[in-house]
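Chemist: Sending over a structure as structure tokens; questions will come in a sec.
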Amino acid sequence: MSEIPCGRTPRLCQKRSSPCFKGLAVLFCAMLALITAAAAAHLFRNTAPKAFSVFYLVLPWAWLLLCALYLGKHPLSPRRFALALFLLSLVTKGAAALLLRTPPESDFYLLYYAAKELAGGNNMLNTTPYFQYWAYQSGFVAWMAFFIRFFHAGLPFFLVINAVAVSATNVLLYCLCRRFASHRAAALAALIYLCYPAAYFMVPVLTNQLMAELFLTAALWVFLSPQAEGKKLYGARLGAGVLLAVSNLFRPMAVVVLLAVLGGTLLYTASSRQSLRVCACSCLLFCAGYAAVTQGASLLVCVSGLNANGLSNQLAAWKFVLGLNRTSLGRYSSLDAVTVFASEDPAAAAQALVRERLSAYSVPELLRLFWDKLAIMWGSFEDSSWALTQRVMDRLQSWGLDGFVRYWTDKWCRLGAGFYTALLALAGLGAWAKSRRPSLSAILILAAGLYFGAHLLIEIQVRYRSTMLLFLLPLTACGTDAAAEQIPRLWGFLRKETVFPL
């Protein structure tokens, strides 16, 4: 199901119109416009003098142009580029991880402590309320415990694994972009991910997020593999479902991709008059692979005695409790924690609090909450506090590096905002370019829209923004191709001589 042959630029004028895809693209571009406005406004408000914000917005475009020119004059084969990309990412991310080595705190500390206890023979997952409410965390704990028990792994080992996971994700993103765009456009999208600050801020942190994103990207890459017939097609669908399930075992966010795949595939099939039988069978296999792994793993965790609740979420309403909190603007609230967990039945208390808040909001108040959450989640700078905790800054201060790190991290975050607005603009252009004919890129558009919509209702943390890049960057590559196609025409138009009558 490849969109275009690798290395070729799509010609927009050759694509036939598709009203369904155009409507989807319009909604998607409207969403990106809101995010871009929020990001640009935040950069402008928090930059002094204000004129410097223009520099941060323009510099990424100049950098992309220089990279495009360099790749044009010094082309690398896709394999060599992928290898160079992996090694460069591994060196930079690995250096950040091992130099900072952020000590686990809060939930991360509890997960690491539980893993060490489990490796030593003490299973605290059945006795700790945290793991009883959010039993799905047991998979990540068991994964860490395996390496601690049999390989005597410590914190540096898991941070190196983080660096490898991010580097592999970077390469898979490049390969995924190649499903939709030319080699040069895919390379530029991959270089944006390489330089973007979000991954650097999470690699030194003991988090399950990076492994989840790796397998999620792999699932998308396999699902969107070039069109094949019979067993190869169905095998790709089954494998994609399995990979998505593995991603969900690390961090549960697969439902967004699952719904996007189902909706996008059905839309593509209806618009392009593909076989409904093939569509139904491939979607069924995708869901079967996902369900078999998730349910099988949950049953295994339950039967083995690791956690009596399997890999379930016994307090699903908690995310909505926080997400609908006007006072905290959708972020963590200690007052909500006391209200819910001090009650006799936390699940019932959480559900009651959600109903109470939904009934209390008028439509304008709810929209205002959504906008405030949007501005924080999607418009603010990337959050460096996950890596640069107080303990890390104290260590850097002892080396005389704290001021240097704070200064350049601040500049990097601002420049990251510029890259963010650039990739949003190109992603919108790419979505519009793909709307000219039925395309499986609708899966990426739907996934991005669903992920955005979910965070209007649930708790927000800026660090979860990085998952959105996995959906946007392939569309960014499409937009780069579309822009490259139009630039010669625009240049020719500008160079036309205008003749005025005497």
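The values are calculated or read from the model by the stated rules, or taken from the named source; none is laboratory data. The model shown is predicted, which means the values in this text are computed figures rather than measured ones. Here Cβ is always computed from backbone atoms with ideal geometry, including for glycine, and neighbour counts include all displayed protein chains. All accessible areas refer to the heavy atoms of the entire protein, side chains included, with ligands and DNA or RNA removed. Shrake-Rupley method; radii C 1.70, N 1.55, O 1.52, S 1.80 Å.
Chemist: Modelling each spin label as a point 7 Å along the Cα-to-Cβ direction, I'd like the ARG80/THR128 distance in nm, to one decimal.
Modeler: So the two model labels end up 4.9 nm from each other.
Chemist: The chain: D in µm²/s via Stokes-Einstein (Kirkwood Rh, Cα pairs, 20 °C, 1.002 mPa s)? Let's see the in-between values first.
Modeler: Details: Rh = 24.2 Å.
Approximately 89 µm²/s, per Stokes-Einstein.
Chemist: Considering the stretch 230-273, what Rg and Dmax in Å follow from its alpha-carbon atoms?
Modeler: Just the Cα atoms of the stretch 230-273 yield Rg and Dmax of 12.2, 37 Å.
Chemist: Looking at the calculated P(r) for the stretch 66-137, what percent of the C-alpha pair distances fall above 22 Å? Intermediate values should be presented prior to the final figure.
Modeler: Numbers: 1391 of 2556 pairs.
Pairs farther apart than 22 Å: 54 percent.
Chemist: Please calculate how many Å² of accessible area the chain carries per residue, with a 1.4 Å probe and no DNA, RNA or ligand atoms counted.
Modeler: Ligands and nucleic acids excluded, the result is 46 Å² per residue.
Chemist: Can you give the angle from 0 to 90° between the axis of helix 155-178 and the longest principal axis of the chain, with both taken from C-alpha atoms, to the nearest 10?
Modeler: 30 degrees
Chemist: Additional query: Using a cut-off of 14 Å between beta-carbons, work out the net charge of the residues near SER466 (Lys and Arg +1, Asp and Glu -1, SER466 not included).
Modeler: +1
Chemist: Could you give the nm distance between label points at ALA347 and LEU276, where each point is 7 Å from its Cα heading toward the beta carbon?
Modeler: Simple spin-label model gives 3.9 nm for this pair.
Chemist: Show me, for the stretch 208-222, the HN-Hα J-couplings you get by feeding each phi into the Karplus relation (A = 6.51, B = -1.76, C = 1.60, θ = phi - 60°), rounded to Hz, glycine and proline as x.
Modeler: 8, 5, 6, 5, 4, 5, 4, 6, 5, 5, 4, 5, 5, 5, 5
Chemist: Say each of LEU262 and HIS152 gets a label point 7 Å from the Cα, pointing the same way as Cα to Cβ; how far apart are those two points in nm?
Modeler: Result: 4.9 nm between the two label points.
Chemist: Test of understanding: given the chain, find the longest segment containing no GluC sites (Glu not before Pro) that are in a DSSP loop and have at most 12 other Cβ atoms within 10 Å.
Modeler: Numbers: sites that count: GLU229, GLU344, GLU497.
That gives 1-228 as the longest site-free run.
Chemist: Rg to Rh ratio, the stretch 389-497, alpha-carbon atoms and Kirkwood radius? Mind showing how you got there, number by number?
Modeler: On the way: Rg = 19.9 Å, Rh = 17.1 Å.
My calculation puts Rg/Rh at 1.16.
Chemist: What do you get for Rg/Rh of the stretch 129-186 when both radii come from the Cα atoms and Rh is the Kirkwood radius? Present the calculation step by step, with values, prior to reporting the outcome.
Modeler: Values: Rg = 17.1 Å, Rh = 14.1 Å.
Ratio of gyration radius to Kirkwood radius: 1.21.
Chemist: Sorted by accessible area (1.4 Å probe), largest first, how do ARG355, ARG326 line up? Write down the numbers at each step before the final one.
Modeler: Values: ARG355 145, ARG326 90 Å².
Of ARG355, ARG326, the descending order of accessible area is ARG355, ARG326.
Chemist: Which pairs in the list LYS116/LYS319; LYS22/LYS373; LYS232/LYS434; LYS231/LYS434; LYS22/LYS231 are over 30 Å apart, alpha-carbon to alpha-carbon?
Modeler: Violating the 30 Å limit, Cα to Cα: LYS22/LYS231.
Chemist: Separate question: Nearest 10 degrees, 0 to 90: what angle lies between the long axis of helix 276-303 and the longest principal axis of the chain (Cα atoms)?
Modeler: The two axes meet at around 20 degrees.
Chemist: Would you mind giving the three semi-axes, in whole Å and largest first, of the ellipsoid equivalent to the stretch 80-218 according to its Cα gyration tensor? Display every interim value, and only then the final one.
Modeler: On the way: eigenvalues 205, 48, 29 Å².
In descending order the semi-axes read 32, 15, 12 Å.
Chemist: Where does the stretch 299-406 land on Rg(C-alpha)/(2.2 N^0.38 Å)?
Modeler: Numbers: Rg = 19.5 Å, N = 108, 2.2 N^0.38 = 13.0 Å.
After normalising by residue count via 2.2 N^0.38 Å, the value is 1.50.
Chemist: Next up: Work out Dmax and Rg for the stretch 154-237 from the C-alpha atoms and quote the Rg first, both in angstrom.
Modeler: Rg, Dmax (Cα atoms, Å): 14.7, 46.
Chemist: By the gyration tensor of its Cα atoms, with a ≥ b ≥ c the square roots of the eigenvalues, what is the shape of the stretch 218-338: rounded for a/c under 1.5, prolate for a/b over b/c, or oblate? Don't skip to the end; give the middle numbers.
Modeler: On the way: a/c = 3.30, a/b = 1.64, b/c = 2.01.
Judged from the Cα gyration tensor, the stretch 218-338 comes out oblate (a/c at least 1.5, b/c at or above a/b).
Chemist: On to the next question. Which loop chymotrypsin sites (Phe, Trp or Tyr not before Pro) in the stretch 297-336, with loop taken from DSSP, have no more than 13 other Cβ atoms within 10 angstrom of their Cβ?
Modeler: Values: sites: TRP318, PHE320, TYR332; in loops: TYR332.
Passing both the DSSP loop test and the Cβ count: TYR332.
Chemist: Roughly how many percent of the accessible protein surface of the chain is carbon and sulfur, given a 1.4 Å probe and a whole-percent answer? Don't jump to the answer; show the numbers that get you there.
Modeler: Values: 15410 of 23060 Å².
Carbon and sulfur atoms account for 67 percent of the accessible area of the chain.
Chemist: Could you calculate the FRET efficiency of SER359 with GLN295 from 1/(1 + (r/R0)^6), where r is the beta carbon distance between them and R0 is 35 Å, rounded to 0.05? Could you put the intermediate results ahead of the total?
Modeler: On the way: r = 35 Å, r/R0 = 1.00.
Using R0 = 35 Å, I get an efficiency of 0.50.
Chemist: Enter the angle in degrees (range 0 to 90, nearest 10) between the Cα long axis of helix 363-374 and the first principal axis of the Cα atoms of the chain, meaning the one along which they spread out most.
Modeler: The angle comes out at about 90 degrees.
Chemist: Right, another one. Counting Lys +1, Arg +1, Asp -1, Glu -1, what net charge surrounds TYR361 among other residues with beta carbon under 12 Å of its beta carbon?
Modeler: Working: positive: ARG326, ARG355, ARG357, ARG368; negative: GLU356, GLU365.
Value of the local net charge: +2.
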